[in-house]
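Scroll down for the structure; my scribbles are underneath it.
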Amino acid sequence: MVTAPLVISNAKARALILSGNGLCEAENVRGPDAAARWIAKLGYVQIDTIRIIERAHHHILFSRHNTYRPKHLERLQAKAPVLFEHWTHDASLIPLEHYPHWHHRFAHTKKQLSAWKENFGDMRVIKTVRAHIEEHGASKARDFAHLGGRTGPWWGWGPAKAALEFLWRSGELAVLRRDGFEKIYDLAARAVPEHLRATKPSRAETQDWACREALKRLGAATPKMLADFWGHASILDATRWIENERKAGRLIDVVLEGAQDKRDIAAVARPDIESMLATLPAAPSRLRALSPFDPVLRDRSRSERIFGFNYRIEIFVPEPKRKFGYYVFPLLEGDRFVGRIDMKADRDRDRLAVKALWLEPGLSLSKARQAKLERELERQARLAGVRDIVLPTSARKS
């Protein structure tokens with residue numbers, strides 16, 4: 001007998017997503033330990049260079065903990081290693097315990113050595129870079145300026161920078177930390193505990209881990225959601241994993257109800273999903289400006305179908321074609337996205353300048369919402385390290 005999928009109401013679907021992304025929890029841990037806790041819960045935190053208010057990784061952590069400051073992550077990375085930097089869907093900080101599951105990505109990069117040869121030809125530069133770090137220890141790209149500047153075809157890098165990136169992505173080097181946003185590299189043998197370097201799961205074990213850990217954080221997911229989470233499995237791999245888990249009775253079919261006028265999402269979840277849904281905490285009623293790179297919005301299709309919120313970052317869109325702006329922050333109030341705001345820290349003038357505010361159709365800037373917005377702007381100013389807040393004369397609706 002075929003069992004009908006469990007239908008998860010839109011309100012519960014929103015709660016499931018927000019809770020899985022750490023946006024509903026009480027803030028009872030402070031300092032560097034809090035940063036480590038949030039990264040472990042999320043699975044990783046994306047790193048980005050753009051600093052409109054603060055860089056994405058800092059902003060993501062700050063959205064989940066009022067007392068977070070960038071110095072907390074810096075202190076955390078300065079201690080005995082608990083994080084490593086590598087790629088998921090983009091450059092990310094990842095709990096060090098997950099390091100063994102990146103060995104397959106390292107091996108894949110090594111197979112791409114032919115691309116490096118095609119671009120730079122001379123393999124001696126890789127040997128020179130490796131030998132320098134072996135002898136002198138932690139190094140930056142600028143330490144190899146004598147090997148050539150930004151002349152290479154790989155992302156506009158010179159041969160030395162490309163060699164550093166190749167050695168890092170293939171696992172021979174590790175990124176210890178960043179100075180500003182400049183990577184500091186060292187040998188993985190010195191930076192990563194030996195037992196993690198020696199533990200090399202099979203590809204099947206890594207795919208199982210990737211799907212299992214992704215589902216733990218997503219709550220309910222499609223094959224594509226599982227495949228995209230870490231970047232270790234293909235959609236076909238995730239589909240096969242789901243089939244095996246379903247046959248073993250470890251998964252059930254569910255339907256996440258879409259927002260008004262949006263399509264539902266057919267997905268899978270663990271059999272205890274109903275009890276999980278019954279105990280989900282409510283999202284705080286306050287208003288929060290999230291990073292454009294916040295994990296809750298990484299899956300743009302999911303956020304549009306479940307929250308009814310169509311969000312795109314427009315940094316790569318030519319200015320005349322932008323609908324909103326270069327770097328616009330989504331606004332989350334309770335369990336709903338209520339708008340977006342264009343704001344920037346003007347550190348030279350010691351102020352947070354708000355250029356424009358757009359509320360979602362049908363919403364207004366009531367006194368209560370305006371009070372919430374003002375409190376949030378004060379928080380953003382503290383994160384940016386500026387004193388004053390300059391507001392636009394009026395809000396705009398989309």
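Structure notes:
- Those residues of region 303-347 whose amide nitrogen sits under 19 Å from the label point placed on residue 217, 7 Å along Cα→Cβ: 303-304
- Accessible surface of the chain [probe 1.4 Å, protein heavy atoms]: carbon and sulfur percent: 50 percent
- Ranked by the mean number of other Cβ atoms within 10 Å of their residues, highest first, the peptides 294-301, 366-373 fall in the order 294-301, 366-373.
- Residues of region 78-105 with an amide N closer than 14 Å to a point placed 7 Å from the Cα of residue 181 along the Cα-to-Cβ direction: 91-92.
- Here the contact order of region 288-379, divided by its residue count and restricted to Cα pairs under 8 Å and six or more residues apart, works out to 22 percent.
- For residue 224, the lysines whose Cα comes closer than 23 Å to its Cα, not counting residues fewer than 8 places off in the same chain, are 12, 41, 216, 247, 262.
- Over the chain, relative contact order from alpha-carbon pairs under 8 Å, at least 6 apart, %: 17 percent
- Residues in the chain average 48 Å² of solvent-accessible surface per residue, probe 1.4 Å, ligands and nucleic acids excluded.
- All lysines inside 25 Å of residue 367 as judged from Cα atoms, apart from same-chain residues fewer than 8 positions distant: 344, 355, 397
- Distance-filtered residues of region 294-312 - backbone nitrogen under 17 Å, label point 7 angstrom along residue 255 Cα→Cβ: 305-306
- Packing-based order for 350-360, 255-265, using average beta carbon neighbours within 10 Å, highest first: 350-360, 255-265
- Nearby aspartates and glutamates by direct alpha-carbon distance to residue 200 (threshold 13 angstrom, same-chain neighbours under 8 apart not counted): 97
- Stretching the chain fully between residue 298 and residue 387 yields a gain of 28.9 nm (0.36 nm per residue, less the alpha carbon separation).
- Note on residue 134 and residue 198: with the Förster distance fixed at 30 Å, the Cβ-Cβ geometry gives a FRET efficiency of about 0.95.
- For residue 286, distant residues with modelled amide H under 5 Å away: 334
- Between region 181-201 and region 301-379, the alpha-carbon center distance in angstrom: 39 Å
- Note on the chain: with a GNM built from Cα contacts shorter than 10 Å, the maximum mean-square fluctuation among 325, 362, 158 falls on 362.
The values are calculated or read from the model by the stated rules, or taken from the named source; none is laboratory data. Because the structure is predicted, anything quoted here is derived from the model rather than measured. Glycine also receives a Cβ, built like all others from the backbone with ideal geometry; neighbour counts cover every protein chain displayed. For the accessible areas, the whole protein counts, side chains as well, though only heavy atoms, and no ligand, DNA or RNA atoms are used. Shrake-Rupley method; radii C 1.70, N 1.55, O 1.52, S 1.80 Å.
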